[in-house]
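Everything on this sheet refers to the single structure shown next.
Computed from the coordinates by the stated procedures, all read-outs in this text should not be read as laboratory data. Please read all numbers here as calculations on a predicted model, not as lab measurements. No Cβ is skipped: glycine too gets one built from the backbone with ideal geometry, and neighbour counts run over all protein chains shown.
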Amino acid sequence: MKTLVETIAKALVDHPEEVSVNEIEGERSIMLELKVASSDMGQVIGKQGRIAKSIRTVVKAAATREDKRVVVEILQ
């Protein structure tokens, strides 16, 4: 999951070297904290949060194969 979010985020931003994903794994859930440069926040979130919602949808679809719940947080 971590590499999936990292790959998507790096493709979207102007400063891919500043993208980092922290994975916190629980018993039945995974929390992914995505950090990008402050100048790239708008590119990751998108207009009205559409890109962020799309990232979350793709990750949730991938997580169903592992029978886990995934939460993607975008941090500044």
Charges on Cβ only, +1 for Lys and Arg, -1 for Asp and Glu, centred on the Cα centroid of the chain; of G26, I51, A9, which one is farthest towards the dipole's positive end?
I51
Which angle between 0 and 90 degrees, to the nearest 10, do you get for helix 2-12 versus the longest principal axis of the chain when only C-alpha atoms count?
20 degrees
What nm value, rounded to one decimal, do you get for the distance between V71 and A11 when each label is placed 7 Å out toward the C-beta?
2.7 nm
Nearest 10 degrees, 0 to 90: helix 50-63 Cα axis against the chain principal axis:
30 degrees
To the nearest 0.05, the calculated FRET efficiency linking E18 and A62 through their beta-carbon distance, R0 being 25 Å, is 0.55
Would you kindly calculate the mean projected area, averaged across all directions, of the convex hull enclosing the Cα atoms of the stretch 2-75, in square nanometres?
4.5 nm²
